[in-house]
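Below is one structure; the comments refer to it alone.
The values are calculated or read from the model by the stated rules, or taken from the named source; none is laboratory data. This one's a predicted model, so the numbers in the text were calculated from it and none came from an experiment. We place every Cβ from the backbone using ideal geometry, glycine too, and count neighbours over all the protein chains shown. Each accessible area value is taken on the protein alone, full model and side chains, heavy atoms only, with ligands, DNA and RNA left out. Shrake-Rupley method; radii C 1.70, N 1.55, O 1.52, S 1.80 Å.
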Amino acid sequence: MNFCINWLNSLRNRPQLSYNCFMKQLIIAFLLVTATLFANAQTVIKPGDKSIRYDWIKPSHDFYKNIITDTAGKVLHEFMMEDITTIDSVKKQIVFARSRQVPIGFFSTDTSFTDLQLKPIRMHEIHYQYNVSFEMTFGDTQATVKATKKGAVAYVKNFPMSSGYFEDNMTEYIFGYLDLKKGISYTLDNFNKDTPKPSNPFVLEYVFDDVLQLTPGHNLECAMLHFTHGDTTGYVWIDKSTHLMIKMIGNFKGGRFVLTKV
């Protein structure tokens, strides 16, 4: 940016430069500045945004295998997740429900409710063996978390948020519904009660197309997204025909996770 401004000032100080030539150089300088600004800009996606293809959202029932390893490659956890998406046209809501067992013998579920524009309404998270649950409600600029332990309310906390955020537990479901353009960085603000700051955005970029071979002779054409989420970075593969997430790899400070649709 400073280079372009300095160059423009130098042009204006040249008396021998003709008016037409000066205007051509001015246009070039303007284009350089504009290109620099757009190259560094990020596109923010909010519920209801035109970048979300709501016609791609379909009821589904899927299973994912998750393997978490430490920095040396040692397996810390290996478990299955059951993901269900339903659309209630009467209540005008979308429900994302997930269950898993990690560590072995410890079951948890989380259920996220959004409107048809994917604006979060509420979320219910239960950890059965710990006898702990969380109920979350979401307003335009505030999220409220009520924690219950052994049948008694442990706390109720309010968190300020900027308008237009998503909710963490439903975010991974919607990657495939995003109609992203290559070379553009997209930001999705994201409420996460378990991070130091409740605003914990995803930054996504559609990097290229890839072919995943799930089994011999069974290839899937996928859109490959790069993501950053807090201190975690990685890649997501989206089936271009079903718009479902097929694979996700994330590297974080303590290791790596690999999530694969089965």
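Using amide H atoms built 1.01 Å from N in the peptide plane, name the residues 5+ places from Leu118, or on other chains, whose amide H lies under 5 Å from its own.
none
Less than 14 Å Cβ to Cβ from Met161, Lys/Arg counted +1 and Asp/Glu -1: what total charge do the surrounding residues give? Numbers along the way, then the final one.
Working: positive: Lys46, Lys119, Lys157, Lys193, Lys197; negative: Asp140, Glu167, Asp168, Asp189.
Cβ neighbours under 14 Å give a net charge of +1.
Considering the alpha-carbon set of region 110-262 alone, what are its Rg and its Dmax in angstrom?
Just the Cα atoms of region 110-262 yield Rg and Dmax of 17.2, 54 Å.
So what is log10(I(q)/I(0)) for region 114-184 at q = 0.18, 0.27, 0.28 1/Å, when the Debye sum runs over its Cα atoms only?
Each listed q maps to, in turn, -0.79, -1.21, -1.24.
Could you give the Stokes-Einstein D for region 57-125 in µm² per second, using the C-alpha Kirkwood radius, 10 °C, 1.306 mPa s? If you can, show how the numbers build up before the last one.
Values: Rh = 13.6 Å.
Estimated via Stokes-Einstein, D reaches 117 µm²/s.
So what does Tyr235 come to for accessible area, using a 1.4 Å probe and Å² rounded to 10?
Here the residue's solvent-accessible area equals roughly 90 Å².
Run the numbers for Ala72 and Leu212: contour at 0.36 nm per residue of separation, minus the present Cα-Cα distance, in nm. Please list the in-between numbers first.
On the way: separation 140, 0.36 × 140 = 50.40 nm, distance 2.59 nm.
Here the segment from Ala72 to Leu212 would lengthen by 47.8 nm.
Could you please report the charge total around Met136, scoring K, R as +1 and D, E as -1 over all other residues with beta-carbon less than 11 angstrom from its beta-carbon?
On the way: positive: Arg122, Lys146, Lys157, Lys193; negative: Asp110, Glu125, Glu135, Glu167, Asp168.
So the environment of Met136 carries a net charge of -1.
May I ask which residue of Asn190, Asn169, His127 lies farthest towards the positive end of the charge dipole of region 111-262, with charges of +1 (Lys, Arg) and -1 (Asp, Glu) on Cβ and the Cα centre as origin?
The residue sitting most towards the positive pole is His127.
Taking the alpha-carbon centroid of each part, what is the distance from region 73-97 to region 183-254 in angstrom?
So the separation of the two Cα centres works out to 16 Å.
Local charge sum around Ile246 (other residues, Cβ-Cβ under 14 Å, Lys/Arg +1, Asp/Glu -1)? Walk me through the numbers before you get to the answer.
Values: positive: Lys65, Lys240, Lys247, Lys261; negative: Asp62, Asp83, Glu172, Asp209, Asp210, Glu221, Asp239.
The answer is -3.
In whole angstrom, and with the biggest value first, how far do the Cα coordinates of region 37-164 range along each principal axis?
46, 40, 35
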